[in-house]
Each structure stands twice: as structure tokens, then as C-alpha cells.
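Visitor: Dropping the structure in here first, questions after.
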Amino acid sequence: MTAPAADAGALAEPAEPVGGGWTAALSLANGAIWVGWYGPLQILLALQAAELAPPGTSKEAVLAWVTGAGAVVSLVANPLFGALSDRTTSRYGRRTPWIAAGVLGGAAALALLAGARTVPAMAAGWCLVQLALNAAFAAVTAAVPDRVPRRQRGAVGGWLGAAQILGVLAGTGLATSAGGLAAGYLACAAFTVLATLPYLLLHRDLVLPAGARPPFTWRSFLAGFGFDPRRHPDLGWAWLTRFLINLGNALALLYLLYFLRDALHRPDPQGGVLILTAVNGVTLLGTVVAGGFWSDRVGRRLPFVLWSGVIMAVAAVLLACWQTWPGALAAAALLGVGFGVFTSVDFALMTDVLPAAAHRGKDLGVLNIANSLPQVAAPALAAPIVAHLGGYRALYLVAAATGLLGALLVRRIRGVA
């Protein structure tokens, strides 16, 4: 890592556009984190749950418990590490030390998870993965409002979103083709570290001068994690919109492997997940960067978020009403179109509603809870729906209604066009 001099502009609103090299390196680091998350989430945790489930306990319940426990850790870790990075005065910058520590810790935790032989060990390993990778993710996302001017954030958000879906696809591919559970976890761990190195080694972070850091008290530090929606209503509506749309998406994706195996009776459900992820990735990549650039050009965010949520709801309805392999392919393609636009433009929207530069990392961490909290809520909602309230058809209809509500509520944000 190259150590820059202290920069009083660390708290300034950025004005100079960032270059393509910086954007590419940060995007690659972002994609690396998603490999570490989604190789396990798409394939490995489901297989491990089926392998380790005790007699009398369903694989679905084990998977729900493990992913739910990890999501609880994520709820705390993201804003916590965001707040810590806000206060970091290292000579390597505010964000870079946390990215480095997070990916190294995440890789080590994935290696521990590879050796888990009981459900509690599996849950503990996944919680450690979430803890470490959320430290890196909080720092990566905070680097955008630190360095990117508002007029460029849709485009940068688009490239980060493209890296996200490529990370999901790469993680799924590594988990599927590595040759077993342990090999899959280790392959994801290695990729997570190696793909982060270009950003860590080649790009200088802004340094927060020691005198710019406010005095620390536990009371003020802990109080900072709350926000009053009455004082910052746009922040509140943005959080709720993101939460509902992500909850709808999480409900649609959580049991995808089981849906292909138990409802569609695919002979190779793991391969089916990989195919659907690839189809979704192609259509998402076709819209994620273009949507971000387009929203920057027209200077508007809200219509893009609204209509992307509507498209995602239609995709969930397809899964509910057309339960065939062609229907799943069509839904995956449509979901990619909607989620591509949502990913880039919603990220830019989140950075536009941040109240103050001094705690960008913490505020983005609070907003990122709207990404991780659905991972807690989705298993709690999905398991009883599938088991007792109508199966996969009901699950996907609930997913559609939830996402549509989130899309409609974006119109309550007043301070952003």
C-alpha cells in the first residue's frame, strides 16, 4: 500500500472526476467480496446444510438458521466498521486498512468454514465470514462518496453493480466447479484476497488528519448509529425502499436450489442454479452500467428505482405462475434487467441522501442494513410459507408484492430528483 500525505479534503465534497483505473480497481475489490459471500450462499451452504442436518431436522431449517445468524452479524458489522473507518487516521487512509483486514479475515473464515463438521461450527464460520467481509464492504462503499462527485456516482455505481453480479457468478462457478465443499470454500477465499490487491497496492486513499477526528465518547459513538426519520426523512424513505426491494429479491432467491430440485425436478439443480445465475448476469450486465450512466445524464434517480422494482416484481410473478424451466429462464432474465438498473441507481441515490461527510461510512452502513436485514427476515418468512402457506407459488407472490411496495415508496423521497 502506498501511504499518502494527510489530506484535509478527506471531509470535503469531491469535485474532481475519478479515473477509469480507480473505478476498475475498486469494482474488482467489490466483486471479490461478493465472491466470498455468494459462493457459499448460492451453493455451498445449501449443500453443507443438507450434509450436516441432524436426523429430524430439515435442510431448509438448517440453512435458514445459519444464514439468519450470519445476517444478524452483518446487521451490526456493517455500520460498526463504517463508523470505525470514519474515525481512522492511519497513514494509509480511512478506508484502505479496513478493506485489507476485512478480506484477509474473510478468507481465513472461509477456510475455517470449509472444515466445519457440525451445524454450530458451520454457523460460527459463516458468522465470521460475515463479520470480516462486512468490514471490507463498508469501507469499499464509503470510498465512493469520499472520492466520486455526485454527477458521476450513477456510472461508478453501475460498474460496482457489474462487479457485484460478476462476483456472484464467479462465486457460483467456483463453488460448483472446484470439486467439493472444502475446495469450493478455499477457491472463493483465494479469489477474494487476490482480486482486492490491485486497489490496495496501486491506489492511494485520502487520509483523515488527526485533528479532524472528533473526540471519542462511547455515548456519542453509540448514539450515532440511530437516525431520526423526522430530521432526515429522505434517509428514512431511502432505507425502507431499499429494504423492501431487497427483501423481495431475497425471498425469490433463497430457496432457488431447492425450487429447481423439488418443484421443477431438474436432474442437475446445481447446474441449473449456475445457468439461471448466468442468464441473470447477462441481462443485469446489459442494464447496470447503462442505467447508472443514464441516470447521471438525465439527473434523475427516482423513476429508475421505481420502474426497476416493478420489473423485478413481474419476474417474481413469473416464478409463481409459470413453474417450468422456460419460465425460470424468463424470470431470471427479467430479474436481471430490473436488478441491474436498481443496483446502480439505488446506490447513487443512497449516496445522494447522506447527511454529512464526517460520518459517510456509518450512514452508508446504516443504509446497508437494508441489504443485510432481508437475509434475516427472508428465512423467517420463507420457511413457513413454503412448508405451510402455499409452497413456492405463495413464496414468489409474496416476493412480488414486497418488492412492488418498496418500488412505490421511492416516490416519498423529496430531496432527490
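Visitor: As an exercise, find the ratio Rg/Rh for the range 110-193 from alpha-carbon atoms, using the Kirkwood inverse-distance average for Rh.
Guide: Using Cα coordinates only, the ratio equals 1.08.
Visitor: Can you give me the distance in nm between label points at Leu202 and Arg414, each placed 7 Å from the Cα along the Cα-to-Cβ direction?
Guide: 4.6 nm
Visitor: Given Ala15, Ser58, Ser74, which one lies farthest toward the positive end of the charge dipole of the range 1-120, if we put +1 on the Cβ of every Lys and Arg and -1 on the Cβ of every Asp and Glu?
Guide: Value: Ser58.
Visitor: Would you please state the base-10 log of I(q)/I(0) at q = 0.12 1/Å for the range 256-396, with intensities from the Debye formula using one equal scatterer on every alpha carbon?
Guide: So the normalised log intensities work out to -0.59.
Visitor: Under a point-charge model restricted to the Cβ atoms of Lys and Arg (+1) and Asp and Glu (-1), what is the dipole moment magnitude of the range 1-145 relative to its Cα centre, in debye to the nearest 20?
Guide: For the range 1-145, the charge dipole is close to 280 debye.
Visitor: Another question about this same structure. In debye to the nearest 20, how big a dipole does the range 341-417 give about its Cα centre with +1 on each Lys and Arg Cβ and -1 on each Asp and Glu Cβ?
Guide: Values: 6 positive and 3 negative charges, 30 e Å.
About 140 debye.
Visitor: Using amide H atoms built in the peptide plane, which far-off residues or other-chain residues are under 5 Å from Val207 H to H?
Guide: Here the answer is Asp7, since their amide H atoms fall under 5 Å of that of Val207.
Visitor: Using just the Cα positions, wrap the range 305-387 in a convex hull and report its mean projected area in square nanometres, one decimal place.
Guide: If I average the Cα hull's projected area over directions, I get 6.5 nm².
Visitor: Okay, next question. Full extension from Ala401 to Ala278: what is 0.36 nm times the residue separation minus their Cα-Cα distance, to one decimal in nm? Mind dumping the intermediate values first?
Guide: Numbers: separation 123, 0.36 × 123 = 44.28 nm, distance 2.53 nm.
The Ala401-Ala278 span can extend by a further 41.7 nm.
Visitor: Using a simple charge model, +1 on the beta-carbon of Lys and Arg, -1 on the beta-carbon of Asp and Glu, nothing else, what dipole does the chain show about its Cα centre, in debye to the nearest 20?
Guide: So the magnitude is around 700 debye.
Visitor: Shifting gears a bit: Based on the Cβ-Cβ distance from Glu16 to Asp268, what FRET efficiency comes out when R0 is 51 Å, to the nearest 0.05?
Guide: 0.50
Visitor: Starting from the Cα of Thr57, step 7 Å toward the Cβ, then list every residue of the range 360-383 with an amide N under 14 Å from that point.
Guide: Correct set: none at all.
Visitor: Rounded to the nearest 500 deg cm²/dmol, what is the calculated helix-only ellipticity per residue at 222 nm for the chain, with -39500 (n - 2.57) per DSSP H run of length n ≥ 4?
Guide: Helices in the chain give a 222 nm mean residue ellipticity of -25000 deg cm²/dmol.
Visitor: Full extension from Trp325 to Ala50: what is 0.36 nm times the residue separation minus their Cα-Cα distance, to one decimal in nm? Kindly include the intermediate steps, with their values, before the conclusion.
Guide: Working: separation 275, 0.36 × 275 = 99.00 nm, distance 2.35 nm.
Stretched fully, the Trp325-Ala50 segment lengthens by 96.7 nm.
Visitor: Check each of the trypsin sites (Lys or Arg not before Pro) in the range 373-417 and keep only those in coil by DSSP with at most 13 other C-beta atoms within 10 angstrom; list them in order.
Guide: Arg414
Visitor: Between Ala121 and Ala24, how many nm apart are label points set 7 Å from Cα along the C-beta direction?
Guide: The two pseudo-label positions are separated by 4.3 nm.
Visitor: Now a separate question. If one takes the longest principal axis of the Cα atoms in the chain, at what angle in degrees, from 0 to 90 and to the nearest 10, does the Cα axis of helix 59-86 lie?
Guide: Between the helix axis and the principal axis of the chain, the angle is about 0 degrees.
Visitor: If you take the Cα atoms of the chain, find Rg, then find the Kirkwood Rh from the mean of 1/r over all pairs, what is Rg/Rh?
Guide: On the way: Rg = 20.3 Å, Rh = 21.3 Å.
Taking Rh as the inverse mean 1/r over Cα pairs, Rg/Rh reads 0.95.
Visitor: Grab the Cα-Cα distance for Val298 and Arg91, subtract it from 0.36 nm times how many residues apart they are, and report the gain in nm with one decimal. Intermediate values should be presented prior to the final figure.
Guide: On the way: separation 207, 0.36 × 207 = 74.52 nm, distance 3.87 nm.
Residue separation times 0.36 nm, minus the Cα-Cα distance, leaves 70.7 nm.
Visitor: Any chance you could get the radius of gyration and Dmax over the Cα atoms of the range 290-334, in Å?
Guide: 13.6, 40
Bear in mind that the values in this text are calculations on the coordinates, not laboratory data. Being a predicted model, the structure only gives us computed values, none of them experimental. Ideal geometry is used to build each Cβ from the backbone, glycine not excepted, and the neighbour counts take in all protein chains shown.
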